[in-house]
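> This structure is in structure tokens; I'll ask about it shortly.
The values are calculated or read from the model by the stated rules, or taken from the named source; none is laboratory data. Just so we're clear, the structure is a prediction, and the values are computed from it rather than from any experiment. Counting neighbours? That spans all protein chains shown, and the Cβs are built from the backbone with ideal geometry, glycine included. Each accessible area value is taken on the protein alone, full model and side chains, heavy atoms only, with ligands, DNA and RNA left out. Shrake-Rupley method; radii C 1.70, N 1.55, O 1.52, S 1.80 Å.
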Amino acid sequence: MIKYIVPKRPVILFVGINPHYGSYKNGVPFSNNKNFWYLLNKSGLIHEDMRVLRNTKSLKKFYMNKFGRVYRYGFVNLIDRPTRSTAELKHGEESKKIVKIRNLIRRRTPKLVCFIGKVTYEKFSGAESVSTGLLKEKVEGCRAFVVSFPIRGPNSTRINELRRIKRIIHYDNRTSKN
């Protein structure tokens, strides 16, 4: 089972759709295919030795001890049930969790909510034909961004999206201190 980590005031709250069986068994999001973690590292959102991210045990240690505490990032899924693909999800299965995540966003007020994949945001919001990037509308008063799903498409596109998030967060930090 995935342990969700959400610090009191996360810098970024990542919202995923649901875990793969391997990630569910490992207890760490995206630990079955670790590309999500590599992308965070390559974009500069985290600064970890790649060997830590490649090894499931050390990745779990990083996730449990540093992800929320040091980086102040959080992670939740719309659906807790593992599947091999999102096609196996039932229509409306996410509805109860959406209310909980909206309440969590209101209480924890992350600087940015990052939806991992268009389908995640579409299920969360009920919107259709969503584009990646910074959303015009806020989610429960917080800025929100939709990134490409981490295992489809070119890595360069996803790294650029994550670098844009990094610039947004750093810009917010500079303007809030003035």
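> Starting with the highest mean, order 10-16, 49-55 by the number of other Cβ atoms within 10 Å, averaged over the residues of each peptide. Numbers along the way, then the final one.
On the way: 10-16: 23.7, 49-55: 13.1.
Final packing ranking: 10-16, 49-55.
> I've got another one for you. Give a residue-ordered list of calculated ³J(HN,Hα) values for region 22-38 (Karplus: 6.51 cos²θ - 1.76 cosθ + 1.60, θ = phi - 60°; whole Hz; x for Gly, Pro).
x, 5, 4, 5, 6, x, 10, x, 6, 8, 6, 10, 7, 4, 3, 5, 5
> Moving on. Kindly provide the helix-only [θ] at 222 nm of the chain, computed as the sum of -39,500 (n - 2.57) over DSSP H runs of four or more divided by all residues, to the nearest 500 deg cm²/dmol?
Per the formula, -12000 deg cm²/dmol.
> Simple spin-label model, 7 Å along Cα-to-Cβ: R102 to S85 in nm?
Placing both labels 7 Å beyond Cα along the Cβ direction yields 3.1 nm.
> Counting other Cβ atoms within 10 Å, which GluC sites (Glu not before Pro) in region 87-177 have at most 16 and lie in a DSSP loop?
Within region 87-177, the qualifying GluC sites (Glu not before Pro) (loop, at most 16 other Cβ atoms within 10 Å) are E93, E128, E137, E140.
> Given the pairs K25/K61; K42/K166; K90/K118; K25/K60; K3/K136; K60/K138, which span a C-alpha to C-alpha distance of over 21 angstrom in this model?
With Cα atoms farther than 21 Å apart: K3/K136; K60/K138.
> Can you put S125, S43 in order of accessible area, largest first, using a 1.4 Å probe?
Listed by decreasing accessible area, they come as S125, S43.
> Hey, another quick one. Relative contact order of the chain, please, whole-number percent, based on alpha carbon pairs below 8 angstrom and at least 6 residues apart.
It rounds to 28 percent for the chain.
> Continuing with this model, one more query. Loop-only check: which trypsin sites (Lys or Arg not before Pro) in region 80-178 are DSSP coil with at most 15 other Cβ within 10 angstrom?
Counting only loop positions with at most 15 other Cβ atoms within 10 Å, the trypsin sites (Lys or Arg not before Pro) in region 80-178 are R84, K90, K136, K138, R152.
> Provide the solvent-accessible area of H170, counting protein heavy atoms only and rolling a 1.4 Å probe, rounded to the nearest 10 Å².
Only protein atoms counted, so the area is about 90 Å².
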